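The values are calculated or read from the model by the stated rules, or taken from the named source; none is laboratory data. Not measured: the values here are computed from a predicted model. Heads up, the Cβs are rebuilt from the backbone with ideal geometry, glycines too, and the neighbour counts pull from every protein chain shown. Calculation scope for accessible area: heavy atoms of the full protein, side chains included, ligands and nucleic acids excluded. Shrake-Rupley method; radii C 1.70, N 1.55, O 1.52, S 1.80 Å.
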Amino acid sequence: MEKMEDREFQSALEAILFAAGEPIPTERICLALEVEQDVVEEACKKLADAYSYERRGIRLLHLGDSYQLCSAPEYAGYIRRAFERRKPPQLSQPALEVLSIIAYFQPTTRAYVEQVRGVDSSYTVNLLMERGLIEEAGRLAVPGRPTLFRTTTQFLRSFNLTSLDDLPPLPQTGEEAKLSQELQAAAQKLQAEQEGEDTLSNATGAPEV
């Protein structure tokens, strides 16, 4: 393939991101455009800056090692009215606590989650899987081989995080009681950040929660 002009390259990149309709790995974009990763990352940054500076109706999200086009959060109200969709209910406090434990200590087992919380968490773990916020990540190499769980790209997108490094810091402590309290505080902060960004929308225009 002949080297494209900058404007044509940006247009091709934009077309790929739009057509994907979901997070697309940087590596796949590199293969499609036959360029190195740093070229794609720089082009995506320019595209994201242009959308923001020009106050366009779309934004470009960086999600770990992937990119995704989404609608601008400030227009979420219009999008909801256009598609007449109700926003899904927010996560309960127990669900946020379980999600926080998995996010900070992933991959981890349900038994560990229950050890920290002190209550059965089977229903909540299943609920988070149904919402696409966590997924199975293999099995622990111990008797019984319990399932390991980790957060998903949907989790990052829902809480407006680029990567797990963006999670609120969790103070170091060796006390289980203190750890539980800190996790609850982290869960509340995640909830607050979710409420602040609950107008984030996906590439199809449907509000993302």
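Key figures for this structure:
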quantity	calculated
Interchain or long-range residues, amide H under 5 Å from ALA137's placed H	LEU148, PHE149, ARG150
Computed lengthening from GLU36 to ARG7, 0.36 nm per intervening residue step minus Cα-Cα distance	8.7 nm
Gyration tensor verdict on segment 1-97 (Cα atoms; rounded if a/c is under 1.5, prolate if a/b is larger than b/c, oblate otherwise)	prolate
Karplus 3J(HN,Hα) series, Hz, for segment 126-136 with 6.51 cos²θ - 1.76 cosθ + 1.60 (x for Gly, Pro)	5, 4, 5, 5, 5, 7, x, 8, 9, 8, 6
Other-chain or far-sequence residues with amide H under 5 Å of ARG59's (modelled H)	CYS70, SER71, ALA72
Probe 1.4 Å, protein heavy atoms only - accessible area per residue of segment 1-98 in square angstrom	65
With every protein chain in place, segment 6-148: carbon and sulfur % of accessible area (1.4 Å)	51
Cα gyration tensor category, rounded, prolate or oblate, for segment 47-148 with a/c compared to 1.5	prolate
Label-to-label distance, nm, for residues given as TYR123 and ALA82 (7 Å Cα→Cβ offset)	3.9
Within-11-Å neighbourhood charge of ALA50 [Cβ basis; K, R +1; D, E -1]	+2
Net charge of neighbours whose Cβ lies under 12 Å from the Cβ of GLU41, counting Lys and Arg as +1 and Asp and Glu as -1	-3
Charge tally in the Cβ shell below 15 Å around LEU148, where Lys, Arg are +1 and Asp, Glu are -1, LEU148 excluded	+1
